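Report on one structure; see the data block that follows.
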Amino acid sequence: MNKKPTKVSANKAHLKCFSHPGFSQAQVIARAGKLPPEAENFTAILDGVLERTKNTKDGDWADIEFILHSQIAMLNTLAANFMNKAIGGYEAPEVLRVFPQMPLEFASLSLKCQAEMRKCIALLHEIKNPKKPTQFIKNYVNQQLNQLQVEQQELKQRLEANNHAPMDFTSKGEAEAVDTAVATVAA
């Protein structure tokens with residue numbers, strides 16, 4: 001029985017893409033692009049995504065801005081399309097008779113598209129105009145924190161001093177007269 005040695009040292013570097021966090025998304029992208037499900041295609045897609053990730057880390061947000069602008073245009077088109085279908089459904093008595101909820105569902109989809117579009121616009125605005133805290137606010141917050149620490153320290157010192165203070169028995173009390181109208185009557 002002669003066994004031939006199997007060649008195990010084949011290059012399997014392309015298999016590392018299967019353990020990549022973005023592998024599932026790469027599969028979807030490849031399928032949407034009607035690419036054959038080959039590891040080389042997934043690796044190329046992942047390399048492209050990683051390159052764009054590096055660009056955003058380096059401060060180049062052009063790809064993200066392009067995606068957001070595309071989404072805004074797509075959502076705007078979908079919102080108008082669904083609203084047109086809703087209006088058409090309300091104007092067609094046979095649609096209202098057979099599918100009375102359909103125009104309302106189309107209108108609801110239109111409003112959802114508009115809400116998502118607003119989120120994209122807000123995100124795009126935030127990327128283009130990041131919020132920067134002003135120096136005045138930083139100084140004011142630091143001043144308030146310092147004041148709180150000082151007050152906390154003073155309160156702690158006063159509490160510690162009061163715990164060991166002697167009791168004052170020297171205050172003079174005054175006797176009060178008894179009101180005879182409500183005094184106890186002797187038996």
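Listed values, structure above:
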| item | result |
| --- | --- |
| Conditions (1) open to solvent by less than 80 Å² (accessible area, probe 1.4 Å); (2) modelled with pLDDT of 95 or more; number of the one not met by LYS112 | (1) |
| Matching entry among ALA39, ALA80 (being open to solvent by less than 60 Å² (accessible area, probe 1.4 Å) and touching a Leu at 6+ places or on another chain (Cβ under 8 Å)) | ALA39 |
| Single match in ILE67, ILE127, ILE72, ILE137 (criterion: among the aliphatic types (A, V, I, L, M), at pLDDT below 90 and open to solvent by less than 70 Å² (accessible area, probe 1.4 Å)) | ILE127 |
| Among residues of segment 100-150, those that are farther than 22 Å from GLY59 by Cβ and in a helix (DSSP H, G or I), counted | 34 |
| Helices (runs of 4 or more DSSP H) contained entirely in segment 15-99, each with at least 3 residues that are of a type in the set (D, E, K, R) | 39-57, 62-91 |
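The values are calculated or read from the model by the stated rules, or taken from the named source; none is laboratory data. As the structure is a prediction and not an experimental result, all values here were calculated from the model. Note that we place each Cβ from the backbone using ideal geometry, even for glycine, and neighbour counts take in every protein chain shown. These accessible areas exclude ligands, DNA and RNA; they are computed on the full protein's heavy atoms, side chains included. Shrake-Rupley method; radii C 1.70, N 1.55, O 1.52, S 1.80 Å.
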